[in-house]
Amino acid sequence: MHNKDPKRWDVFICHVSEDENYIIQLKEAFVREKIDVFFAKDELSWGCELHRVINDGLRDSKYGLVVLSKSFVNKCSKWTSSELSSLHSKSRLSTQDCILPIWKSKELELSF
């Protein structure tokens, strides 16, 4: 039977590079629970078009998990701003919320 849902991933993780160790732990926890995760480093290859890969991940994910942290707020890079903008547009076009924000803090470190 053909799956009509074109979504390839369950979750796209929007984050800043400063939080990468936390993000890797989070991604691994999702994978253990059989949740398909778009993680840019896993999808990039030498010579690929970075914007295309990121845009495909945003488009082809059911949800966008935005990992908010002090670094995220302070850095507010062009990448994270672009990803947030895309997720916001996607959410407005959807019949359900697709943005899942979480706050990363030292007090709430992951313990899986």
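The values are calculated or read from the model by the stated rules, or taken from the named source; none is laboratory data. Keep in mind the model is a prediction, meaning the values are calculated, not measured. Don't worry about glycine lacking a Cβ; one is built from the backbone with ideal geometry, like all the others, and counts go over all protein chains shown. What goes into the accessible areas is simple: the full protein's heavy atoms, side chains included, and nothing from ligands, DNA or RNA. Shrake-Rupley method; radii C 1.70, N 1.55, O 1.52, S 1.80 Å.
Computed values, structure above
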{"read-out": "Qualifying residue in region 68-84 (condition: open to solvent by 50 Å² or more (accessible area, probe 1.4 Å), at pLDDT below 85 and touching a strand residue (DSSP E or B) at 6+ places or on another chain (Cβ under 7 Å))", "value": "yes"}
{"read-out": "Meets criteria (open to solvent by less than 40 Å² (accessible area, probe 1.4 Å), closer than 16 Å to residue 13 by Cβ, in contact (Cβ under 8 Å) with a residue 12 or more places away in the chain and assigned to a helix (DSSP H, G or I)) for residue 64", "value": "no"}
{"read-out": "Any hit, region 85-100, residues being among the acidic types (Asp, Glu) and either touching a strand residue (DSSP E or B) at 6+ places or on another chain (Cβ under 6 Å) or surrounded by 14 or more Cβ atoms within 10 Å (Cβ to Cβ) (or both)", "value": "no"}
{"read-out": "Among (1) open to solvent by 20 Å² or more (accessible area, probe 1.4 Å); (2) over 18 Å from residue 100 (Cβ atoms) - the single one residue 53 does not satisfy", "value": "(1)"}
{"read-out": "Residue 26 vs. criteria part of a helix (DSSP H, G or I) and either closer than 28 Å to residue 105 by Cβ or open to solvent by less than 70 Å² (accessible area, probe 1.4 Å) (or both)", "value": "yes"}
